[in-house]
Amino acid sequence: MRLNHICILAEAYPTADDPLFTFVGQLVHTIADTGYKCSVIAPQSVTKMLIRHRKRRYVHWVDRTRKGNYVDVYQPLFLSFSNLRVFGVGLSHFFKEKAVKRTFRQILQKPDVIYCHFWHMGIIGAKIGEMSDLPCFVASGEAEITVLREYRIRSLTRFLPRILGVICVSVKNMEESLRLSLTSKEKTVVIPNSVDTNIFFERDKASIRKELGIGSRDFVVAFTGGFIERKGVEAISST
């Protein structure tokens, strides 16, 4: 199979002033810098704009990597309803899926493969894959796999065969994916998250403290995750 154009489906995509899902942006930039055309579909919730005053982004905009390569980012609008379910289907995810499918049909240059971040986006990718006769791959890095809350079992059973490969960031993710019958061991691989050593590398502690204006006896905590309870923020603050 000739591979030139990859479509990435994700919950969100980062910008400089809103670094949500930074890991997705870093991955996409790396792929784009290796010579592949990348199109990202990351829907944005109208409800969150109204209730949480989240800034509305352009429906289509162009991101640029440090090496000067371009990434098409599509962020269609959809209505979200928290965890509301109708007939066993998550209503928010239903509208999200509709927005992603509509946007995919509008991409002028059709991709060669669909790459999805997390299982719930993976099922959307599998449905698009069936519709467009494209292979689909899933990256599983969830703290908890919640796709069974969004879809009925019969829907999963129908579309899961479209997913040709699964990348898990940990053995725990792989074991949970296998236990839920989302994939088979033959098409699943564990690849831990990596780090860009051009950005993160060892420095002399004394000189960097001086550079940043930090006292030699000050206690420093470095935190790179989202400030949410699951990441252990409260445990750090109470120490």
In Å, descending, principal axis extents of the Cα set of segment 194-236
33, 28, 11
Counting only DSSP beta bridges with both residues in segment 22-89, what percent are antiparallel, rounded to the nearest 5?
50
Please report how far the C-alpha centroid of segment 1-70 lies from that of segment 98-176, rounded to the nearest whole angstrom.
17
Using only Cα atoms, figure out Rg for the chain and give it as a multiple of 2.2 N^0.38 Å.
1.11
Charges at C-beta only: +1 for Lys and Arg, -1 for Asp and Glu. How large is the resulting dipole of segment 96-239 about its Cα centre, in Debye rounded to 20?
560
Of the candidates 115, 137, 50, the farthest towards the positive dipole end of the chain (Lys/Arg Cβ +1, Asp/Glu Cβ -1, centred on the Cα centre) is 50
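Relative contact order for the chain: what is it in percent, counting Cα pairs under 8 Å that are at least 6 residues apart?
14
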Can you give the % of DSSP beta bridges in segment 5-197 that are antiparallel, to the nearest 5?
25
Assuming R0 = 35 Å, can you tell me the calculated FRET efficiency for the pair residue 221 and residue 175, based on Cβ-Cβ distance, to the nearest 0.05?
0.65
Using a Gaussian network model of the chain with C-alpha springs under 10 Å, which one of 52, 105, 158 is most mobile by mean-square fluctuation?
52
Working only with C-alpha atoms, what are the Rg and Dmax values of segment 149-239, expressed in angstrom?
20.9, 60
What residues have an amide H closer than 5 Å to that of residue 40, excluding those fewer than 5 places away on the same chain, when H is modeled at 1.01 Å from N in the peptide plane?
8, 72, 73, 74
Going through the cross-link list 48/187; 55/205; 205/231, which pairs have a Cα-Cα distance over 32 Å in this structure?
48/187; 55/205
Classified through the alpha carbon gyration tensor (a ≥ b ≥ c as square roots of its eigenvalues; rounded if a/c is under 1.5, else prolate when a/b is larger than b/c, else oblate), segment 34-155 comes out oblate
Whichever lysines have a C-alpha closer than 26 Å to that of residue 67, once near sequence neighbours (fewer than 8 apart) are set aside
37, 110
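Bear in mind that the values in this text are calculations on the coordinates, not laboratory data. Note that this is a predicted model, so its numbers are computed, not measured. Don't worry about glycine lacking a Cβ; one is built from the backbone with ideal geometry, like all the others, and counts go over all protein chains shown.
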